[in-house]
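**Q** Could you have a look at this structure, given as structure tokens, before my questions?
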Amino acid sequence: MNAADLSSSNQTLAAQPAPATLWPQYRHDDSLVGHFPLRAGLDEAPQVRWSADLGGENTPSEQWRVEDLDGDGQAEVLRILPDQLVCQDLRGQPRWTREDLPQARVVEIRDFAGDGGRGLLVDVNTGTELQTFMVSGATGEKALLYAKRNVFGESRRSGQLLPGVPGQQLCAWWSGDHIYGEKMASEGWVFSFERGIAHPTVRFHVQEEGAIYAPLHLIADMDGDGRAEMVMISHEQLWIYDLETSQRQMYSQWTPHTIRTYWANTAALPLKAGARPSLLMINPHLPGLKVVDQDGQSAHELWKLVIGGKEDQYQPLIKIEGSSPDPFIDLDGDGEIEMLVAITNEHGDGKTWLVIFGADQGERRFEAPDLKILAAEDLDGDGQLEVFLQQRDGTLRLANWTGSQFADRWQGAGTEPLFQPPPPEQELARTLGSKSTLKNPQVWRETPGARPFLMKLQGHVYSWELESGGTLKQLREVTRHPALGPVADPTTPAPYTWDGKALVVREAGQELAPQTIPTQRLYLAPPPLVGVLGGQVRVIVRNRQGDLVSLSPDGTDPKVLVRQSPAFAVFTHSTEYPQLCDVDGDGEMELLTSTLGPDSVAAVVAVDGEGQVKLRLPIAEGATQLSLGPTGRLGAGQGRWIAVRYTRPLGGPYVVAHSGRTGKQLWQREHFGFYGENGVIFALHTPTAVLDYNHDGIDDFLAQSENFYNIVGGRTGKDLLSPMPIHSDVVPGHWTAYATPMSLDLLGDGKLKVFFSRSYQLTAVSDLEGNPFWHWGLTRDTTARNHAGLGDLDGDGKIEIVVSQADGLLTAYEAEPTAHKCPSCPAIAPEADSSRAGQMRWTFRLPPPLSDITTADLDGDGRDELLLGTGKGLCCLKEMQGQPTIAWIVDLGRTAGAPILADLSGKGRPVILISTEDGFLHCLF
């Protein structure tokens, strides 16, 4: 075949080609298997025949930070590349290079040692392990602080954590899934650097196991002996450690049924003078607030208040969080702490109310809508706190708290207080939770220790003074102050200028040639579609602007069919792909997708080959986002049902199905499964496989919502399996969820199985009813990031499964299970049908990142090959005598996306279409 064959196909077809020879939807067809059935004749490496420019954004290919890295008072340039760090002087001369830090992320640059130098806190990602290093800014010498795998969550803070220790210290707590067994592993560290950046001292280190998920930590004197302890909190459990010896002093679980605490605002504060600190908690997963007492031996709830009256950590209707950076303050100095809480939708009005509770007994003292607390500080020198309040309309108020209400001292519109940045360690007796700022802010004073403070008004900064017992008075404009940035000496010009893109150095009064950050063009398009629109074979691909563009088979004749598609780029557990299908049953294909139209109103639309809208389903009233879900047949001549997933500010996601022929709503569904008596939100994972489960001529779809699985009737929205299988519980000892169900004839016997692609911590196959067929335990880090290759690699009529890891490792499994458990099954789990392991066939490594895997018989020998994009281009992998070998590689110059195959010419000779991250779509044959 040659390019002329593709050019000659730019004509109206006399007969519709079989959809199987094209690629009309993501992963080819409703099964999502990603297998191309036509033998391709591509036994040798193909050549690029045409490339279509999809556009791309020029983005930095590396990051630069220009600052003093060695403490000598002179700035250096730190270049952060994908695989190395380079330090150079302002003229570009290298100081040091580190080439062993893959995917390095520089978290902080500070004087950690206290010697005037700089330490670089650097996180590294190997693909299956996260490592944290301290790197010397002067020499590049590095020290590994800690490594972590299968991380569920981490909290970390640095600053002056240990009194009397020079420099700044680092505290880190993390938890991760245990590789074998059901308990989570957790680790806590404190490092100091007084011996030098590259020679850290371990001040504190513990390891724990249990129900520990993203542990919170704080540092407080929990026993009143004048020395601070380390405190760890997770799932309503409390651990207290001696900060000097790392010995555990106390463990207690204060409720029998644990719930999530990792987003809770928590403080350790005594309720009365001389008492041991209690835990004051505002927990969105309760939802509510509580106080937990501890006596050094055990902990118990002093009181608990559930907002809305129903304890449910999964409910989506009520939101609760702290109403100020530090929501635990004694506002009136009476000895009782006020808990300052922001509650949304408690009254069913969608509004956020400021609610103040007394910490002693949980008494509700005050509530008002559309009001929040910014800070509290004594502004007039009388020993009482003034509270900065901000209304929804932007009005700023200064008031005193009376114990039941706010007594205003002043209010004004358009004013903004200037707060000092908090210290890096924040407030040590507070947990990080969901907040980045935990300390009650202090306003900038005009001069240190003086009463006048700074606020901005109409773009100008003024000093203000709150008169004793009176109101606020504006004093004078302030133009030079640390709050406004560094004060430059006009007689000494800076030796360089840096605008974030270009560095210009001055020497002897002259500017040297600018140094600019290298850039690269970046845009990786999703896999294209190929189908018949308007009687012609067309290639549909998304360009950099978000438009769906139709191309002729030779890559010419571009037509924009739909702009701004999809309507929303980010949608939890959903990735939207357009589809070519007969929406209304008239025998003609339409392009079905979502769009954010010129009126900025989101909708699902179906358009013809000229972009004319044939169907429009506008976003549901009250919804904030939509995403196109699965679609299937309603019966002969009836068109298709179209499922759309919606989100809203309150109430959680839900799914609505419409008729593609009439646009009318067929059904709406809000819940999917139950936790106890509480219905769980329907967070449908898309894409998902579609099939006619009950053989009634109407398609149904495989539904995965978090850790629940079922088959849902496409026309009715009702469950076809009862009871609903809980996907996370079907394999003993393996909690799993978040999969993409795919349907396949695994054994070649005509009985469909379900492969749960990218299932969390598991490679899993079940029958259609959710009963496990075989599995292989993974970890959080080795869970597949891309969809597997599903094909008959040896020509025996059975399907092998090939999954990938983030680090480029491929693992192939046989179709049949073993008679035994997998290596990560718990030792106590019995040998049973539900615990049968898969058979590992082989492993093979390719340069990451890897794309979804497509399978096809590329060389016509009756055996499927694996086709995928890699960090080096397009790769074809073939089995030879049961082992993988690279059949050919096409170097495309940049990382490649997922390939597809299609017969563009109609002559039975497929081509490969693949996008690369520089914004091009390539056609190869």
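Please treat every number below as a calculation from the coordinates, not as lab data. Note that the structure is a prediction, hence the values are computed from the model and not measured. Because the Cβ atoms are built from the backbone with ideal geometry, glycine has one as well, and the counts that use them run over all protein chains shown.
**Q** Need the list of lysines near LYS821 for cross-linking: C-alpha distance under 26 angstrom, and skip anything on the same chain fewer than eight residues off.
**A** Leaving aside lysines fewer than 8 places away in the same chain, those within reach of LYS821 are LYS183, LYS751, LYS753, LYS798.
**Q** Roughly how many whole Å is it from the C-alpha centroid of the stretch 64-95 to that of the stretch 817-876?
**A** About 43 Å separates the Cα centre of the stretch 64-95 from the one of the stretch 817-876.
**Q** Considering the zone a paramagnetic label at THR402 would reach in this model (a point 7 Å from Cα along the Cα-to-Cβ line), which residues of the stretch 324-341 have amide N under 15 Å from it?
**A** From the stretch 324-341, the list is 332.
**Q** Assuming 0.36 nm per residue, please report the length gained on full extension of the stretch TRP888 to LEU317 beyond their Cα-Cα distance.
**A** Going from the current span to full extension adds 200.1 nm.
**Q** Right, another one. What ranking do ASP499, ASP326, ASP53 get, fewest neighbouring Cβ atoms within 10 angstrom at the top?
**A** ASP499, ASP53, ASP326
**Q** Which value, in nm² and rounded to one decimal, describes the direction-averaged projected area of the C-alpha convex hull of the chain?
**A** It is 41.8 nm².
**Q** Could you work out the helix-only [θ] at 222 nm for the chain, with each DSSP H run of four or more residues adding -39,500 (n - 2.57) and the total divided by the number of residues, to the nearest 500 deg cm²/dmol?
**A** After summing the helix terms and dividing by residue count, I get 0 deg cm²/dmol.
**Q** Something else: On a full-extension model of 0.36 nm per residue, what is the gain between GLU588 and GLU209, subtracting their alpha-carbon distance, rounded to one decimal in nm?
**A** Working it through step by step, the gained length comes to 130.5 nm.
**Q** Give me the lysines in straight-line cross-link reach of LYS664: C-alpha distance below 16 Å, same-chain residues under 8 apart excluded.
**A** LYS614
**Q** I would also like to ask the following. Can you work out ³J(HN,Hα) from phi for every residue in the stretch 104-112, in order, using Karplus 6.51 cos²θ - 1.76 cosθ + 1.60 and θ = phi - 60°, giving whole Hz and x for Gly and Pro?
**A** Taking θ as phi minus 60°, the curve returns 5, 10, 7, 7, 8, 10, 8, 7, 5 Hz for the stretch 104-112.
**Q** OK, next. So for SER722, SER234, SER252, SER835, fewest C-beta neighbours within 10 Å to most, what's the order?
**A** Going from sparsest to densest Cβ surroundings: SER722, SER252, SER835, SER234.
**Q** Could you check the spin-label model distance between ASP719 and ARG91? Points 7 Å from the Cα along Cα→Cβ, value in nm.
**A** 7.4
**Q** Let me ask something else about it. What nm distance separates the two modelled labels at ASP334 and LEU484, each placed 7 Å from Cα along Cα→Cβ?
**A** Reported label-point gap for ASP334 and LEU484 is 4.2 nm.
**Q** Is the shape of the stretch 564-724 best called rounded, prolate or oblate, per the rule: a/c under 1.5 gives rounded, else a/b larger than b/c gives prolate, else oblate, with a ≥ b ≥ c the square roots of the Cα gyration tensor eigenvalues?
**A** Oblate, because a/c is 1.5 or more while a/b does not exceed b/c.
**Q** For a paramagnetic label modelled at 7 Å from the Cα of PHE674 toward its Cβ, which residues of the stretch 710-739 fall within the zone defined by backbone nitrogen distances under 15 Å?
**A** It comes to 719, 722-726, nothing else.
**Q** Given points 7 Å out from each Cα along the Cα-Cβ axis, report the LYS751 to GLU477 separation in nanometres with one decimal.
**A** Spacing of the two 7 Å Cα→Cβ label points: 8.4 nm.
**Q** How high is the relative contact order of the stretch 106-179, given as a whole-number percent (alpha carbon pairs under 8 Å, six or more residues apart)?
**A** It comes to 24 percent, rounded to a whole number.
**Q** So for the chain, averaging the separation of alpha carbon pairs under 8 Å that are six or more residues apart and normalising by length, what relative contact order in percent results?
**A** Computed over the chain, the figure is 11 percent.
**Q** When a/c is below 1.5 the answer is rounded, else prolate if a/b is larger than b/c, else oblate, so apply that to the stretch 740-854 with a ≥ b ≥ c taken from the square roots of the Cα gyration tensor eigenvalues.
**A** Oblate shape, in that a/c is at least 1.5 and b/c is the bigger or equal ratio.
**Q** Mind checking which lysines have their Cα closer than 26 Å to the Cα of LYS310? Skip sequence neighbours fewer than 8 apart in that chain.
**A** Result set, ordered by chain and number: LYS290, LYS319, LYS351, LYS372, LYS435.
**Q** Within a 10 angstrom radius of the beta carbon, how do ARG521, ARG616, ARG392 rank from fewest other beta carbons to most?
**A** Going from sparsest to densest Cβ surroundings: ARG392, ARG616, ARG521.
**Q** Run the numbers for VAL601 and ALA413: contour at 0.36 nm per residue of separation, minus the present Cα-Cα distance, in nm.
**A** Gain on extension, VAL601 to ALA413, equals 64.4 nm.
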